[in-house]
Amino acid sequence: MNKIIKYIGASAVICLMAGCTTNFEDFNTNPYQPSKVPANTLLSGMFNVYAAPMQNDCQHINCMWACFSGQITAPNTWSKGENLFAYYNAMEDHNAATWAKIYARIYPNFFRIEEATEKKGVIYAMAQLTRIYAMQMMASLQGPIPYSKVKSGDIRAAYDDEPTAWRAMFDDLDNVITILKSAAELGINQDLAAVDQFYGGNCEKWMKFANTLKLRMAIRVSGVADYAQAKAEEAVRGGVLESVSDSSYDTTSSGINENGYAIVSGWGEVRANACITSYMNGYKDPRRSAYFTKQAAGFSEDYVGVRSGSWVAPSPSDYQNYSNLMITTDKTLPQPVMYAAEAAFLRAEGELKGWDMQGDAETFYERGIRLSFEEFKVTGVDEYLADDESKPGNYVDPNHSADSYSNLSTITIKWDKNATPEEMLERVLTQKWIALYLDPLNGWSDFRRTGFPKIFPATHSANPDCKPARGQRRLRFADTEYNTNKENVEAAVTMLSDGRDSNGTDLWWALKN
C-alpha cells in the first residue's frame, strides 16, 4: 500500500490533478491513435473496477475497507505516523485514491460507449452495469455522488443526494436487466466474449450477477427506502446467483494483471485480521486453511491475525510471522468479484424481514455456508452446520498483550428457530462476513447498517470524529473536488446527515447510534 504518489496510473493522475468529474471525453485519449475505438474494447477498460488486478488499484478499490470490516488489516504506517485507515485517519492521498481510480476507470469510456452504441445493445448494457457497480461502491463509501447529472464534457458535475442517487441506480439497473434477459435467450454474445474475463460473454450469467447486485443494493437501503422490498423480490424472481459456477471471478493473469490481493499481501503490508481469525478459531472453521497461512512463530493458535489499529506502531516486520492470505501462494489465482454465497445470505436476511425470497431463512443461511465451503473446496460442512456449542474466540496477541481483545459476540453456528430476531440477524451476517472475506466493503457496510458482525475496533482512534466502538463511517470527499468543483462538493456536504464532511458521519442507510 506504499508508493501511492510514485504509482497511481496515468488516468488516475489526470483525475487527481484535474478533478474526477472533469473533461471525461479527454481522459485516456491517445493523440497518436484513431479516436474511434470499438465499444467492446472501451468496455474492457471499465472492467478493472470489478476486481482491480493491478496492485495499487486493488488496495484502493478492493481492500482498504478491510481495516474497518475486520477481515484483512494493514500492519504499516508508511512512515506517516497514524495517518492510516486502521486508525480511521487516512492521509489524503489514500483517502482520494478510490475516487480517482473509480471515476477515471468509468466515465471516459462510458460516454464513448454511449456515443458508439447509441445507448443500445449488450455492450451498452454492460457499460451501464459496470457504472452502477462502481457507483454503488462510491455511494456506500462517501454518500452523495455525481450520478444523474453527470454528462459527457461536463467540467463540474453536481452531486445527487443519497436517496436520489440510489433510486437512479436502481432505475438504470432495471434497464440493464431487461436487455441482458433478452440477450440471454440468444446465447453467448461474441462481442462481449472478446473482452469478458468474467463470464466469457454469457449474458445469462451476467443477468444473474445484475439481479444479485440489485438484491444487495435493496438490502443495503432496506432501512430507509420504501421501495427496497419490491426491488429485492423483483431481483429474486428475475434469477440470482445460485451455484458456485455462477460466482464471478476475474480470470485475467500474466504480467501486471495478476491477483491484486496476492501482490499487495506479498509486500508484507497485508495480513489476516485478528477479528476474523478469532471468530474462525473459536468456530474451528475448516475454511481457515483455505483462507490463511499458518503463523510461523509457535503461537498457541495455528492462525493468528493482526489487530487492526494496534497499540504498537506497526510495520510489516513486526508481523511477518503472523497469518497471511493463502492467495499469496499463487499470484495468478482468479480474483473474486461476487460469490454465489452472497445471494443466499441476502435472501436469508430478506426472509427475516418478511420479504418473499422464495424460501425460508434457515434454508438460505445453510445454503450460503454450503456454497462457501464448496467455493473453497473445503469438507466438513455438515458437522459445521450442526455445531451449536462453538462460539467466536477471543484474541490473544502473543507479542503485544495490549492488542488482545475479548470477543463481544457469543453467537453459535447452528440455526436456532427459537432465537430472537436480533440473534438470527447476527448469525446470518456473521456467516456472510466469513464467507465473503475478500469482499470487505460488504462486511463494513453490513456493520455500519446493522452493528453486525461484532467487529473488533481499533485500539484507539487517531481521528477525533471516529470513536473506536463505531469505527469509521464513511470516506470524506476528495480534496481534488474542493479544488476543482468547490460549489458542488460544498452543496454535497449539506446533504450529509450531520452536514459535516467527516469520516465519522453516518450515511443515509446506516445506523445513527
field: Accessible area expressed per residue, the chain, with surrounding protein chains retained (probe 1.4 Å, Å²)
entry: 36
- prompt: Tell me, what is the percent relative contact order of the chain, built from C-alpha pairs under 8 Å that lie six or more residues apart?
  reply: 20
statement: Given pairs K101/K205; K205/K353; K151/K181; K377/K454; K231/K467 and cut-off 29 Å on Cα-Cα distance, the over-length ones are K231/K467
task: Order the following by accessible area, largest value first: R237, R474. Probe radius 1.4 Å; ligands, DNA and RNA are ignored.
output: R237, R474
message: At 1.4 Å probe size, what's the solvent-accessible area of I179? Round to the nearest 10 Å².
response: 40
Difference of contour (0.36 nm per residue) and Cα-Cα distance, A469 to S315: 53.0 nm
field: Carbon and sulfur %, accessible surface of region 116-161 computed with the full protein complex present, 1.4 Å
entry: 46
task: Express in Å², to the nearest 10, the accessible area of R347 obtained by rolling a 1.4 Å probe over the protein heavy atoms while all chains stay in place.
output: 10
task: Show which aspartates and glutamates lie in cross-link reach of K486 when reach means a straight Cα distance below 17 angstrom and same-chain residues fewer than eight apart are skipped.
output: E92, D154, D160, D161, D501
query: Of R105, R476, which has the most accessible area and how do the rest follow, probe 1.4 Å?
result: R476, R105
field: the chain - Kirkwood radius from inverse mean 1/r over Cα pairs (Å)
entry: 23.0
- prompt: Of the listed peptides 280-287, 134-141, what is their order by residue-averaged count of other C-beta atoms within 10 Å, with the highest listed first?
  reply: 134-141, 280-287
- prompt: Looking at the chain, which longest stretch skips every one of the GluC sites (Glu not before Pro) that is in a DSSP loop with at most 10 other Cβ atoms within 10 Å, leaving the sites themselves out?
  reply: 186-388
query: Rank K231, K353 by accessible area, highest first, at a 1.4 Å probe radius?
result: K353, K231
- line: Rounded to the nearest 10 Å², the 1.4 Å probe accessible area of D439 is 30
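The values are calculated or read from the model by the stated rules, or taken from the named source; none is laboratory data. Keep in mind the model is a prediction, meaning the values are calculated, not measured. Here Cβ is always computed from backbone atoms with ideal geometry, including for glycine, and neighbour counts include all displayed protein chains. Each accessible area value is taken on the protein alone, full model and side chains, heavy atoms only, with ligands, DNA and RNA left out. Shrake-Rupley method; radii C 1.70, N 1.55, O 1.52, S 1.80 Å.
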